[in-house]
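Chemist: My questions will all concern the structure given below.
Nothing in this text is a laboratory measurement; each read-out follows from the coordinates by a stated rule. As the structure is a computational prediction, the values presented were derived from the model and not from experiment. Because the Cβ atoms are built from the backbone with ideal geometry, glycine has one as well, and the counts that use them run over all protein chains shown.
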Amino acid sequence: MQVRTASNERIAALLRDAIVRLNRRLRQTRPLGELTQSQLSALTSLDLAGALTPRELAEAERVQPPTMTRTVTKLVDRGLVQRLPHPTDGRQVILSPTQSGRSVLAANRRAREAWLSGQIAALSAEERETLRRAAEIVDRISRA
């Protein structure tokens, strides 16, 4: 009897679809009335980078600078991002998250992790181990 294996393309499609659905579900766990997805993404990029110029942030988020300017203005107005003078270029500013911004990100992470933890708790021990191994593999793929 021959064992039939899925093609790499089929595995890629299944994995992509599962990740998209999971990501969508995780986004739905964020508190209502909080940040938009683009604001949350920009704040996350700043938190990961530490500090960026508006142009660098726009490039990281793959949006046009005027779009990022509007997003940053809203984040600054809410006290989640600060603008500081650029150390070497007086025409530029450096953007970085405030402590309030980091707190908002932490609350969003906790909400997503709580939902996901509840879903994982409903799995069998074997499924949880398979998922742990799959997470390691997906992480390795994402870093390649």
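Chemist: Run the numbers on the chain and let me know its relative contact order in percent, using alpha-carbon pairs under 8 Å that are six or more apart.
Modeler: 22
Chemist: OK, next. Go through segment 88-144 and name the trypsin sites (Lys or Arg not before Pro) that are in a DSSP coil and have 14 or fewer other Cβ atoms within 10 Å of their Cβ.
Modeler: Arg91
Chemist: Another question, if that's okay. What is the helix-to-structure angle for 37-49, meaning the angle in degrees between its Cα long axis and the longest Cα principal axis of the chain, kept from 0 to 90 and rounded to the nearest 10?
Modeler: Taking Cα atoms only, the helix is inclined about 80 degrees.
Chemist: Grab the alpha carbons of segment 17-81, take their convex hull, and tell me the volume per residue in Å³.
Modeler: Here the figure is 95 Å³ per residue.
Chemist: Bins of 10 Å, beginning at zero and ending with the bin holding the largest distance: percent of Cα pairs per bin for the chain, please.
Modeler: Cα pair-distance distribution for the chain, in percent: 10, 30, 29, 19, 9, 2, 1, 0.
Chemist: When the chain is fully extended, how far beyond the present Cα-Cα distance does Arg27 get from Gln92, taking 0.36 nm per residue of separation?
Modeler: Using 0.36 nm per residue and subtracting the Cα-Cα distance, I get 20.1 nm.
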